[in-house]
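Student: Okay, here's the structure, questions in a sec.
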Amino acid sequence: MTFLENYADHLWFVLGAALVFIPLEHVLPRRKEQKLLRPALKLDLAFMLLGVVGTMLAAAVFVVIMVGLFINIVPDAARSFVGAQPIWLQVLGLIIFGDLYYYWAHRLFHTVPGLWKFHAVHHSIEEMGWAASYRTHPIDTAVTNSGFVIIVLLFGVDPAAYALFGVQFAWHSLLKHSNVAVGWGVLRWLYVTPLFHHWHHANVAEAHDKNFAAQFPLWDVLFGTALMTPDRDPPQYGVDDPVPANFLGALAYPFRPDGPGESVPVLEPSAAD
């Protein structure tokens, strides 16, 4: 599939997502006072339509490098074993082990000051919404989200399994950022809920360095970074960093030297550290 075909598929997906989430955020809003046409929507749309181009390019480079480094390390027996598993088990394996990679890559972007400046672009979201999920710096997303593709290529995961995984991952990513009041009940311990991820974006001390997992909250439970608060919503979102509120400024922000009054935040250590 060519780059243009990938981008066209992205546009079709966005159109479908808009038809689903715009009505949902209107009918089942978590924050009822939040407007559908919120002030930062233009910025989110710029990342959705333009930033994704940079993400595709950066991810392709990162995947090629990582697969080239590790392809000869993975034994053929491991590939044969994975390929022999039923599709549903391969999908489950991608969710579990791909999310383990995501957890530590995500946590690294919170820990290393230079990487945090890339991730701060995503945390600059002050009103959660499905379109806000696209407000991520291409370098950030290329590293954190590529683990799933790397696993597929290194271990010979069936393309059908990756396609099924990709569909649920894409929709779940939009849902967990959306302003939609839904929950999984007891299943919140098995699958990341929107509220679980909203707390990751909360700009309050108790939420710092919490809820890193994308889909499988068990990793946060095991590593002491889970914050389960099903009884209340975060009081506020965003970040204290001076991330510009325009597309080009946000893209350039991680490359700007720290100036007076622009110190890199010192994050509180997690319970696992």
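The values are calculated or read from the model by the stated rules, or taken from the named source; none is laboratory data. Because the structure is predicted, anything quoted here is derived from the model rather than measured. Neighbour counts run over all protein chains shown; Cβ positions are idealised from the backbone, glycine included.
Student: Take segment 169-185 and flag every residue that is in a loop (DSSP other than H, G, I, E, B) and in contact (Cβ under 8 Å) with a residue 60 or more places away in the chain. If you could, list the steps in order and put the result at the bottom.
Tutor: Taking segment 169-185 as the starting set, the residues that turn out to be in a loop (DSSP other than H, G, I, E, B) are 178-179, 181-184.
If the condition is that a residue be in a loop (DSSP other than H, G, I, E, B) and in contact (Cβ under 8 Å) with a residue 60 or more places away in the chain, then S178, N179, A181, V182 are the ones that fit.
Student: Among all residue pairs at least 6 apart or on different chains, which show Cβ distances below 6 Å where the first residue, located in segment 57-77, is in contact (Cβ under 8 Å) with a residue 40 or more places away in the chain and the second is part of a loop (DSSP other than H, G, I, E, B) and of a type outside the set (F, W, Y)?
Tutor: A59/S146; F62/S146; V63/S146
Student: Oh, and also: Return the only residue of A120, A161 being buried (at least 21 other Cβ atoms within 10 Å of the Cβ), within 30 Å of S80 (Cα to Cα) and of a type outside the set (D, E). Let's see the steps before the verdict.
Tutor: Values: A120 fails: within 30 Å of S80 (Cα to Cα).
So the residue among A120, A161 that is buried (at least 21 other Cβ atoms within 10 Å of the Cβ), within 30 Å of S80 (Cα to Cα) and of a type outside the set (D, E) is A161.
Student: Going through segment 113-125 one residue at a time, which ones are of a type outside the set (S, T, Y) and at pLDDT 95 or above?
Tutor: First, the residues of segment 113-125 that are of a type outside the set (S, T, Y): 113-123, 125.
L115, W116, K117, F118, H119, A120, V121, H122, H123, I125 - these are the residues of segment 113-125 that are of a type outside the set (S, T, Y) and at pLDDT 95 or above.
Student: Sticking with this structure for a sec: Looking at segment 100-133, which of the residues that are of a type in the set (V, I, T) and either assigned to a loop (DSSP other than H, G, I, E, B) or without any contact (Cβ under 8 Å) to a residue 40 or more places away in the chain (or both) is nearest to A181 (Cα to Cα)? Steps first, answer last, please.
Tutor: Here is the first cut: in segment 100-133, the ones of a type in the set (V, I, T) are 111-112, 121, 125.
Still in the list and also either assigned to a loop (DSSP other than H, G, I, E, B) or without any contact (Cβ under 8 Å) to a residue 40 or more places away in the chain (or both): 112, 125.
Values: V112: 33, I125: 18 Å.
The residue in question is I125.
Student: For segment 1-83, list the helices (runs of 4 or more DSSP H) that sit wholly inside it and hold at least 2 residues that are among the acidic types (D, E); which are they?
Tutor: Working: elements: 3-27, 41-46, 52-70, 76-83.
Where helices (runs of 4 or more DSSP H) fall fully within segment 1-83 and carry at least 2 residues being among the acidic types (D, E), they are 3-27.
Student: Can you pull out every residue in segment 186-222 that is assigned to a loop (DSSP other than H, G, I, E, B) and either at positive phi or more than 15 Å from the chain's Cα centre (by Cα) (or both)?
Tutor: As a first pass, look at segment 186-222 and keep what is assigned to a loop (DSSP other than H, G, I, E, B): 190-193, 201, 203-204, 208-217.
Within segment 186-222, L190, N203, V204, H208, D209, N211 qualify.
Student: Answer yes if at least one residue in segment 41-53 is within 27 Å of the chain's Cα centre (by Cα), among the aromatic types (F, W, Y) and surrounded by 11 or more Cβ atoms within 10 Å (Cβ to Cβ), and no otherwise.
Tutor: Going through segment 41-53, the residues within 27 Å of the chain's Cα centre (by Cα) turn out to be 41-53.
Then drop every residue that is not among the aromatic types (F, W, Y), which leaves 47.
If we keep only those that are surrounded by 11 or more Cβ atoms within 10 Å (Cβ to Cβ) too, we end up with 47.
The answer is yes; a qualifying residue exists.
Student: Of the residues F13, F97, only one is aromatic (F, W, Y) and farther than 27 Å from G129 by Cα; which? Walk me through it before giving the result.
Tutor: Details: F13 fails: farther than 27 Å from G129 by Cα.
Answer to the selection: F97.
Student: Turning to a different aspect of this structure: Among T136, T225, which is the only one that is among the hydroxyl-bearing types (S, T, Y), assigned to a loop (DSSP other than H, G, I, E, B) and under 15 Å from the mean Cα position of the chain (by Cα)? Quick ask: steps written out before the conclusion?
Tutor: Details: T225 fails: under 15 Å from the mean Cα position of the chain (by Cα).
Only one candidate passes the filter, namely T136.
Student: Could you grab me the full set of residues in segment 237-258 that are more than 19 Å from the chain's Cα centre (by Cα) and part of a loop (DSSP other than H, G, I, E, B)?
Tutor: D240, D241, P242, P244, A245, N246, R256, P257, D258
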